[in-house]
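Every read-out reported here was derived from the displayed coordinates using simple, explicitly stated rules and does not represent laboratory data. The structure presented is a predicted model; accordingly, all values stated were derived computationally and were not measured. Methodologically, a virtual Cβ is constructed for each residue, glycine included, from the backbone with ideal geometry; neighbour enumeration extends over all protein chains shown.
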Amino acid sequence: MSQPVKLYNTLTRRKEPFEPINPPYVGLYVCGPTVYNYVHLGNVRTFLTFDTLFRYLTYVGYKVRYVRNITDVGHLVGDSDEGEDKIGRMAKLEKLEPMEIVQRYTNDFHQIMEIFNILPPSVEPTATGHMVEQIEAVKKLIAQGLAYESNGSVYFDINTYNREGGNYGKLSGRILDDLLNETRELDGQSEKRNPLDFAIWKNASPEHIMRWPSPWGDGFPGWHLECTCMSTKYLGSQFDIHGGGMDLKFPHHECEIAQGNALTGKDPVRYWMHSNMLTVNGQKMSKSLGNSFLPTELFTGNHPLLEQAYSPMTVRFFMLQSHYRSTLDFSNEALKAAQKGYKRLANGLRIVKSMAFIVEEGSVPDETHLAEIQKLRQGCFDAMNDDLNTAITIAHLFNLLKKINQLYMNQLQPSAVGQEAFNLLRDTFVGFTEDVLGLHEERNENGDALIDGMLDLYKEYKVQKQYDKVDQIRSYFKAQGLVIKDMKHRIDWAYEE
Ligand code: AMP
Ligand code: ZN
């Protein structure tokens, strides 16, 4: 916890030292998926960013309560106040109950998160499970004069909110007049006093299937209000960090700030963090643009834009190599390079975890190794503290890897390095690679015995000079994405880089 973590706060537009309200506890809320379809790789990028934040804050000693919701109602097509509910629409198309749609895609989401080693949150609330809280919040906003009913829908009153000291637009930096000019054309929404007012409760038309009784008739909650109710219920009326994709900054998060202030008189969030978009040829990856990849397409290579299959950890490495606030463009070249990079780290993990490190009794280590390792370890912390610079952290890990490889290749002797330096090397390398960056070896644990057995056979055949058998075993390894490393001092296997 002595680490001064700095995070870029969208609200203040600068990097700030992170000071939790109630250390060592940290409240983190991230907008979860709208479960009407399979998650695409762009969605994965955002959840991976906040997984890395969750992991790092935990690594440096914070006790993080991580709330990531499931949006299972109220998110309308086009993210606006009009149009069909995304889930209701899919239910009609597939002739299923809305809750069947929700269950199917929630299951898929969980599976994909696990495949990418994205940790589950501490609480995963659903919008439909918090109807009471949302209706209460709407009642309160009406009672305060900050919301009004119109034809069975309830809208948040931006003009009154601003008149009473609110600052709608402060997160996104949008000027109210500009916003009005942008929206007037699309207007015609005569239910609203001001076209910028947003729905906190929507009246359900007769054909709308997802509906709940309320004091304003049958309806459903507004998408923005859901996150306000779920975040504050589990994290309090003011909490530390709120995250989501950059595209949620406006209007979704802007509306959350307005609602939070209106309900409690306090800014709901101290640090707003936004992860940038995964793009394809410069365009945001999205389902509606038809340029999205499903993770399964990536794992099989089965997509016209993919030159080969890529494993989950390769994709994770690819994403971590860019800074979360920069856009990241999908490319086969970058993914192929990521595959090499990831395999190198994975080989390092395997070696350093299984290394028999024997220091000769009475030997005196060369202190420069310890100093170098300490410097690289500090570099890893410094990079992560600098608004989660995962790319630089990876660069330091590769420098640590050089030492691991020198030990492995017998170019460096354990006695020269010393036990203390080795322990620090191993703990830093494994800790940052696995715990912080969430990169692990991709292998079937049960297969290890088989691989080791094959390697023993290889050694025997080599002694017997049965070279056809030796070649056969080599090609078996290759087919598994592995190579046999025939070194002077030992024979071993490794992930093919
Ligand atoms: P949704 O399921 O549409 O509500 O999106 C879930 C999360 O994925 C949100 O935080 C979005 O901002 C994020 N997201 C959507 N598209 C992309 C993209 N192309 N790159 C990164 N994040 C995205
Ligand atoms: Zn949200």
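For the chain, a crude dipole built from +1 on the beta carbon of Lys and Arg and -1 on the beta carbon of Asp and Glu, taken about the Cα centre, is about 860 debye to the nearest 20. Once the C-beta distance of ALA449 and ASP247 is scaled by a Förster radius of 51 Å, the resulting FRET efficiency is 0.60 to the nearest 0.05. In a DSSP loop and with at most 10 other Cβ atoms within 10 Å, the trypsin sites (Lys or Arg not before Pro) in segment 57-130 are LYS95.
Of all DSSP beta bridges confined to the chain, the antiparallel ones make up roughly 55%.
For the charge dipole of the chain, defined by +1 on Lys and Arg C-beta atoms and -1 on Asp and Glu C-beta atoms about the Cα centroid, which residue among GLY245, VAL315, GLN259 has the Cα displaced farthest towards the positive pole? Toward the positive end, the furthest listed residue is VAL315.
Could you give the length gained by full extension between MET99 and LYS485, i.e. 0.36 nm per residue of separation minus their alpha carbon distance, to one decimal place? Walk me through the numbers before you get to the answer.
On the way: separation 386, 0.36 × 386 = 138.96 nm, distance 5.27 nm.
Full extension from MET99 to LYS485 adds 133.7 nm.
For the chain, averaging the sequence separation of C-alpha pairs within contact (under 8 Å, six or more residues apart) and dividing by the residue count gives a relative contact order of 15 percent. Across segment 259-276, rounded Karplus estimates of 3J(HN,Hα) from the backbone phi angles (6.51 cos²θ - 1.76 cosθ + 1.60, θ = phi - 60°) give 5, x, 4, 5, 7, 10, x, 10, 5, x, 10, 7, 10, 9, 10, 10, 9, 7 Hz, Gly and Pro being marked x.
Apply 1/(1 + (r/R0)^6) to the Cβ-Cβ distance of ILE358 and ILE21, taking R0 = 35 Å, and write down the FRET efficiency to the nearest 0.05.
Here the calculated transfer efficiency is 0.10.
The residue among PRO121, TRP212, LEU437 whose Cα reaches farthest toward the positive pole of the charge dipole of the chain, with charges on the beta-carbon of Lys, Arg, Asp and Glu, is LEU437.
Could you work out how far the C-alpha centroid of segment 103-134 sits from that of segment 365-432, in angstrom? The two parts, judged by their Cα centres, are 37 Å apart.
Distances between placed amide hydrogens fall under 5 Å for ALA127 paired with ILE70, ASP72, VAL73, all partners being 5 or more residues away or on another chain. Distances between placed amide hydrogens fall under 5 Å for ASP157 paired with ALA147, TYR148, all partners being 5 or more residues away or on another chain.
Need the list of lysines near LYS465 for cross-linking: C-alpha distance under 19 angstrom, and skip anything on the same chain fewer than eight residues off. Cα-Cα hits under 19 Å: LYS485, LYS488.
Between ASN399 and THR368, the contour length at 0.36 nm per residue exceeds the Cα-Cα span by 9.7 nm. Extension gain, ASP267-GLU114: 0.36 nm per intervening residue step, less the Cα-Cα distance, totals 51.7 nm.
What value, in deg cm²/dmol to 500, does the helix sum -39500 (n - 2.57) over DSSP H runs of n ≥ 4 give at 222 nm once divided by the residues of the chain?
On the way: 17 runs with 220 residues, N = 497.
Mean residue ellipticity, 222 nm, calculated: -14000 deg cm²/dmol.
When the dipole is taken about the Cα centre of segment 1-138, and only Lys, Arg (+1) and Asp, Glu (-1) are charged at their Cβ, what size is it in debye, to the nearest 20?
Magnitude of the dipole: close to 740 debye.
Sorted fewest first by neighbouring Cβ atoms within 10 angstrom, GLU226, GLU254, GLU133, GLU97 come out as GLU97, GLU133, GLU254, GLU226.
Would you mind ranking SER205, SER214 so that the residue whose beta carbon has the fewest other beta carbons within 10 Å leads the list?
Values: SER205 11, SER214 20.
With the fewest neighbours first, SER205, SER214 line up as SER205, SER214.
Database remark: amide H of SER275 closer than 5 angstrom to the amide H of GLY244, GLY245, MET246 (H placed geometrically; neighbours at sequence offset of 5 or more, or on other chains; Pro and chain starts carry no H). Candidates PHE18, PRO365, GLY88 compared by Cα position along the dipole of the chain: farthest toward the positive end lies PRO365, with charges placed on Cβ. Each residue of segment 360-365 was assigned a 3J(HN,Hα) from its phi angle through the Karplus curve 6.51 cos²θ - 1.76 cosθ + 1.60 (θ = phi - 60°); the sequence is 5, 4, x, 6, 10, x Hz, with glycine and proline shown as x. Taken about its Cα centre, segment 280-436 carries a charge dipole of roughly 580 debye when the Cβ of each Lys and Arg holds +1 and the Cβ of each Asp and Glu holds -1.
For segment 280-436, lysine pairs with C-alpha atoms less than 19 angstrom apart, excluding pairs fewer than eight positions apart on the same chain, total 9.
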